[in-house]
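What follows is a set of notes on a single structure, which appears directly below.
Read-outs throughout are calculated quantities, based only on the coordinates presented, and are distinct from any laboratory measurement. No experiment lies behind these values; they were computed from the predicted model shown. When we count neighbours, we look across all protein chains shown, and the Cβ atoms used for this are built from the backbone with ideal geometry, even at glycine.
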Amino acid sequence: MTRFKLAGTWMVALALLAVLSFAPTARTAEPKREDAKVAAKADHSEHDAMLAACAKACSDCQRACDMCTTHCGHMLAEGKKEHAAALATCQDCATCCAAASQIVARGGPFSQAICSACADCCMKCAKECEKFPEDKHMKMCGEECRKCEKSCVEMLKQTASK
């Protein structure tokens, strides 16, 4: 019987040793998964913030272009035909920026395509509005277009690197 007690003690000791040898592995693996989750969440929230900033710039630009379209309409009514091109440019830019704001805000699959188009529209609209440096409406629209263009280009750079 002593022999069985000795063998039983050895079995318990070996079982305990086996459990302890695997336990540290399980404990060290868990923080690595947590670190990866935290990093993924940080990366995701950074991406969301970038999309939100771009969508806001597009929305701000859309409103500025719509206001400028109305202003150009008044200028045309007063006989200032040089505002005709700006009216059409601002109108199209506002439409493009509205679409970009919506698609980018939801992180849609065409975010890069619309941002590329939006940056191009904003660049052309800004050039048209900058032809009237003394006009406060045109100046404000040109500034918003430049901000939106910059935001879209930045978003394109960030998403291209991922």
| Taking a 29 Å limit on the Cα-Cα distance, which of the listed pairs 56/80; 81/157; 80/157; 56/136 fall beyond it? | 56/80; 81/157; 80/157
| field | Interatomic Cα distance distribution for segment 57-162, bins of 10 angstrom, percent | value | 18, 48, 23, 9, 1, 0
| task | Considering the options 114, 62, 125, tell which one lies farthest towards the positive end of the dipole of segment 57-162, charges being +1 on Lys and Arg and -1 on Asp and Glu at the Cβ, about the Cα centre. | result | 114
| query | Given 37 °C and 0.692 mPa s, how large is the Stokes-Einstein diffusion coefficient of segment 43-90 in µm²/s, with Rh as the Kirkwood radius over Cα pairs? | reply | 267 µm²/s
| field | Highest average packing first - 108-114, 128-134, 79-85, 68-74, Cβ atoms within 10 Å | value | 68-74, 128-134, 108-114, 79-85
| Charge dipole magnitude, Cβ of K and R +1, D and E -1 - segment 57-162, Cα centre, debye nearest 20 | 300 debye
